[in-house]
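These notes concern the structure reproduced below.
The values are calculated or read from the model by the stated rules, or taken from the named source; none is laboratory data. What you see is a predicted model; the values in this text were computed from it and never measured. Positions of Cβ are backbone-derived with ideal geometry, glycine not excepted, and every protein chain shown enters the neighbour counts. Note: areas computed on protein heavy atoms with side chains; ligands, DNA, RNA excluded. Shrake-Rupley method; radii C 1.70, N 1.55, O 1.52, S 1.80 Å.
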Amino acid sequence: MNWKAQLIKRRGESRIAIYFEKNPDWTDRIKQQAGSQWSQTLGVWHLPDTFENRMKFQIVETPIKHPSAEGIAQIEKFKYWLLSKRYSDSTIKTYTEALKSFLTFYNEKPVAEINNDDVIRYNNEYILNNNLSASYQNQIVNAIKLFFATVRETKIELDKIHRPKRAKLLPNVLSKEEVKLILNAHSNTKHKTMLSLIYACGLRCGELLALKPVHIDSKRNLVMLKNAKGKKDRIAPLSPKILEMLRNYYKDYKPTTYLFEGQTAGMPYDARSLQLILKQALQKTGILKPVTLHWLRHSFATHLLESGTDLRYIQELLGHSSSKTTEIYTHVSTKSIQQIKSPFDDL
């Protein structure tokens, strides 16, 4: 089977990305490797950059390229512009890293001389040749367009830079039985409560870890999500069952600043540790699907839809700006599809 491995940067850390055709056996083999992780953004499995992994996957390091001095100055200028516009830290990091990749590719060309043909060449010779995902390509295009919109005297025609055609992927959804198995896999109160709260309220991982005790309104049975994605506040209902779990958790752990804290008091729980908790739950339950924390959010939305909840309310609960984002769950809801009788049954 054809495969390729190469070094990548993931959240500032050197990792080894493994590219291969979709194959359950290979997916299982990669999942068994220590420290393996799936990147939804890049659409690739990646492993720790260790000597053993470099030998195993035949990694030969090539000379490291950097942006030119002018490119570095332009990246800093772009970063300060993003800061002044109050973009989120994650967006600033994503956009500046994307621009750095682009300007590194053209480190011998003056920035003012870069044109639309250069963008096409970069897409073909770097993104496509390295099998990078369409979503990553879209991030690059977003960063390039925004950067050149804020820099004068360029030969870029912004309206002619096209984004890649998006793949129409359906969200991954678990059955209620599978969700129950995952949520009950851990006996540790903190671990069980964190996973349960993500599903019970349809939270993103970052939203869960940003919660503070004051955000839980036990009198009105609500959780307040402050400055969530897109710098939007929203509320989500708390069921009596999850509220009771939170009370028991609070008695046991007595968090100080954040609702879920790591080993250091006053500091939020680490996102990678939470992902590991889910991975351990999957191992305990024997579920072989490549489940991520976001699958619990997708499952929350789909199960609400199947129980008859209006799509407009689901949109509010998830914090979607557009109803089109929420409508995708209608394509994975099985309630109506299961009622359709196949003509095969009449043969």
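Using a basic spin-label model with each label point 7 Å from the Cα along Cα→Cβ, how many nm lie between THR285 and LYS4?
With each label point 7 Å from Cα toward Cβ, the separation is 3.6 nm.
Loop sites only, by DSSP: take the trypsin sites (Lys or Arg not before Pro) in the chain that have at most 14 other C-beta atoms within 10 Å and name the longest stretch containing none of them.
It works out to 232-334.
Rounded to the nearest 20 debye, what is the charge dipole size of the chain about its Cα centre when +1 sits on each Lys and Arg Cβ and -1 on each Asp and Glu Cβ?
Around 820 debye, computed over the chain.
Using +1 on the beta carbon of Lys and Arg, -1 on that of Asp and Glu, and nothing else charged, what's the dipole of the range 199-248 about the Cα centre, debye to 20?
160 debye
What's the angle, to the nearest 10 degrees (0 to 90), between helix 134-149's Cα axis and the longest principal axis of the chain?
Compared with the principal axis, the helix lies near 60 degrees.
What is the sum of charges, Lys and Arg at +1 and Asp and Glu at -1, for the other residues whose Cβ falls under 12 Å from the Cβ of ARG234?
Charge balance in the 12 Å sphere: +2.
Using the charge dipole of the chain (Lys, Arg: +1 at Cβ; Asp, Glu: -1 at Cβ; taken about the Cα centre), state which of LEU146, TRP295, ASN53 has its Cα farthest towards the positive end.
TRP295
So which of LYS100/LYS289; LYS241/LYS289; LYS160/LYS324; LYS65/LYS279; LYS231/LYS251; LYS9/LYS176 end up more than 29 Å apart by C-alpha?
LYS100/LYS289; LYS65/LYS279; LYS231/LYS251; LYS9/LYS176
Using a 1.4 Å probe, what is the accessible area per residue for the range 1-152, in Å²?
58 Å²
What is the ratio of the Cα radius of gyration of the chain to 2.2 N^0.38 Å, with N the residue count, to two decimals?
Taking the Cα Rg and dividing by 2.2 N^0.38 Å, one obtains 1.12.
Between exposed GluC sites (Glu not before Pro) in the chain, where DSSP calls loop and at most 16 other Cβ atoms lie within 10 Å, what's the longest gap?
158-347
Working from the pairwise distances between different alpha carbons, so that the mean of 1/r is found and then inverted, what is the range 31-186's Kirkwood radius in Å?
After inverting the pairwise mean of 1/r, the radius is 18.3 Å.
Taking a point 7 angstrom from the Cα of ASP270 along the C-beta vector, which residues in the range 1-30 have backbone N less than 15 Å away?
11-14
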